[in-house]
Ligand SMILES: Nc1ncnc2c1ncn2[C@@H]1O[C@H](COP(=O)(O)OP(=O)(O)OP(=O)(O)O)[C@@H](O)[C@H]1O
Ligand SMILES: [Mg+2]
C-alpha cells in the first residue's frame, strides 16, 4: 500500500500532495496504510479507475446471476436434503421464503415499475434446540444461491454500540464477506443467531428493557435503511468517511431493502408460554411417555405472535419476522443418518484426515450406531457427534501417523474402549 501511494504521487503534481505530506507528518510511516488516499483526487486516480472497472464487472455479473434466479422451492429442498438430515418442515418453509425473496428482488431489478410495488419481506425466524442444523441450513442455502452471507450473534449488540457492537455492524460484516463489494452485499443474507437472548425478560422489578433498544434498531434494518460503511464508533472509519465525502453516496452506504434476515434461537422458555396457553393435554401428549425435547418441538411450532410478545419481543419486531418455523430435535437414528448419509458428514472429515497420513479409516455399522447413541446422550444435537468422535480418535490421530499402520478399522468394541484398541495396534507395530 505504501508503494501505491508513492506511485500515485510520483509526478509531484497530485492535487493531494499537500494533504499527503500533512498526513505523513502526523502519522509518520503508518500513513502509507491509507489506501483511501487516491479517492481524494477529483475525477479518480488511475488505480481507483481500474478498481472501479473490476468492481463494475463483478457487480454486473452478480446482478445478472440474480436476474437469472429461477430455482424452485422443491429444488432448494432437494439440495438441502443432501446435507441436512430431517428438518422437513424447516426446509420447505425456507425454500419457499428464499424463492419468494429472490424472485421479488429479480422483479425489482428487471422491471423499474416493480420497485414501487408493495412487498412484505419474508424474513425468517428459526426455532429449535442446539445443534439440530439451524445455521447449517442457512449456510447451505447461501452457498447454493451464491449470495454474500454473514452470521452474527445477537448477544454482541448493544443499543448504542458504545459497549459491544451496534446492529449496523452486521451489515458492514456482510460487506466484508462480499469482499468489500457493497453492491453485492445489498442482496445478501444476514443470519442472526441467539435472537431469543435480546427478548426483554420479566424480573422482580418489572421488565428489563435492555434488549428493547436492540430490537427497535434491528427492526429498522430488517425493513429498509441506509447503513453507512463507516462505523460511528471507529475513529479510522470516520476519517475514511470524511475523506470519501465528495464521492457518490451509493459507494458509502448499503441499503438493506433486499437483504434477507434470518433469525434463530433455542427459545426454551417460549415452550412453557405456549404450553400454558394451549394446555399440555390438548395436543394429545402424555408427558410421561414423550421425551421433553420432542414435545418442545410440538409446542414451538404452535407459537403465536402473542406468545412471542409475552416472551419479550416488541410487536413491531416479531412482526418483521413473519415466517416462523421450528426445527426438530435429533435422536440417535438421525445422528446415525448424519454420519452415513449427509454429504457434509463429520466422519468424512476424519476419513480425509487419516488419508492425509496414508491411513485408510473404516467404521463398521455397529460402531456408527454406538457413536450415534453416545452422541445422543450428550443432548447437544449433532454437535454431540463432534464430541464423541474427537474423544474416540484423539489418541489414534496422535500416535498412528508416526507408525507404519495403513489401515484403521473401528468396531463397536473400539468405540467403547479406544485406549486398549490403540495399545493392541501399537504392540503389533513394534
Ligand atoms: N440436521 C442435520 N443434518 C446434518 N448435519 C447436521 C444437522 N444438524 C447439525 N448438523 C451438523 O452439526 C453442526 C452444527 O449444527 P448447526 O451449527 O447448524 O447447529 P444450530 O442448530 O445452529 O445450533 P445452535 O443453536 O447451537 O447454534 C453442523 O455444522 C453440521 O455439521
Ligand atoms: Mg447456530
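So here's what we get for this one:
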| quantity | calculated |
| --- | --- |
| Residues that are assigned to a loop (DSSP other than H, G, I, E, B), touching a residue at least 12 places away in the same chain (Cβ under 8 Å) and within 16 Å of ligand 1 (Cβ to nearest atom), drawn from the stretch 363-384 | 379, 380, 381, 382 |
| Filter result for the condition that a residue is more than 16 Å from ligand 2 (Cβ to nearest atom), closer than 30 Å to residue 335 by Cβ, in contact with a strand residue (DSSP E or B) (Cβ under 6 Å, 6 or more places away or on another chain) and assigned to a helix (DSSP H, G or I), over 97, 90 | 97 |
| Any hit, the stretch 132-154, residues being over 17 Å from residue 190 (Cα atoms), modelled with pLDDT of 95 or more and surrounded by 14 or more Cβ atoms within 10 Å (Cβ to Cβ) | yes |
| Residue check, residue 408 crowded, with 19+ Cβ neighbours inside 10 Å and part of a strand (DSSP E or B) | yes |
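The values are calculated or read from the model by the stated rules, or taken from the named source; none is laboratory data. Bear in mind that the values here come from a model prediction, so they are computed numbers and not experimental data. Glycine also receives a Cβ, built like all others from the backbone with ideal geometry; neighbour counts cover every protein chain displayed.
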